[in-house]
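What follows is a single structure, written as structure tokens, with notes after it.
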Amino acid sequence: MGCRERAAKDDLLRIVVVGTQCVPDRRGTLPGRGAYTHPSLNCLDLAVRRRAFPRAFRVQGPLDSAELRRAVETVAVQASL
Ligand SMILES: [Zn+2]
């Protein structure tokens, strides 16, 4: 999703949908269909702009990605430390 660059699954953030919200699944344990993006705002924003999430989860949009964005921001900050 997002930038469509290839990456090892370990480097990607798994995302699932709970209700109408995209949530990060960092342990990979949440049930349901998963989508993957790089844990970067760049990649996430691309995915959001392309409406990749509703398509990936086969739901009629829109999906709330605010929490997901916060999570990616946290990951990005930690990675840069
Ligand atoms: Zn990406």
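Please count how many residues of the stretch 26-42 are out of contact with any Cys (no Cβ under 9 Å at 6 or more places or on another chain) and either over 10 Å from A56 (Cβ atoms) or buried (at least 16 other Cβ atoms within 10 Å of the Cβ) (or both). Residues in the stretch 26-42 being out of contact with any Cys (no Cβ under 9 Å at 6 or more places or on another chain) and either over 10 Å from A56 (Cβ atoms) or buried (at least 16 other Cβ atoms within 10 Å of the Cβ) (or both): 11 in total.
With within 12 Å of the chain's Cα centre (by Cα), outside any loop (DSSP other than H, G, I, E, B) and more than 15 Å from the ligand (Cβ to nearest atom) as the only criterion, which of V16, V72, V77 stands out?
On the way: V72 fails: more than 15 Å from the ligand (Cβ to nearest atom); V77 fails: within 12 Å of the chain's Cα centre (by Cα).
Result of the check over V16, V72, V77: V16.
Among the residues of the stretch 26-46, is there at least one that is under 9 Å from the mean Cα position of the chain (by Cα), part of a helix (DSSP H, G or I) and at pLDDT 90 or above? Yes, the stretch 26-46 has at least one match. Within the stretch 58-81, which residues are more than 15 Å from L13 (Cβ to Cβ) and surrounded by 13 or more Cβ atoms within 10 Å (Cβ to Cβ)? Answer for the stretch 58-81, where residues must be more than 15 Å from L13 (Cβ to Cβ) and surrounded by 13 or more Cβ atoms within 10 Å (Cβ to Cβ): V59, L63, D64.
Restricting the first member to the stretch 6-34 and to residues that are on the phi > 0 side of the Ramachandran plot, and the second to residues that are outside any loop (DSSP other than H, G, I, E, B), the beta-carbon pairs closer than 8 Å and six or more apart or on different chains are G28/R14; G32/V16; G32/V17. Can you pull out every residue in the stretch 54-81 that is among the hydroxyl-bearing types (S, T, Y) and without any contact (Cβ under 8 Å) to a residue 12 or more places away in the chain? T74, S80, listed by residue number.
The values are calculated or read from the model by the stated rules, or taken from the named source; none is laboratory data. Just so you know, these numbers come straight off a predicted model, no measurement behind them. All Cβ positions, glycine included, derive from the backbone under ideal geometry; neighbour counts span all protein chains shown.
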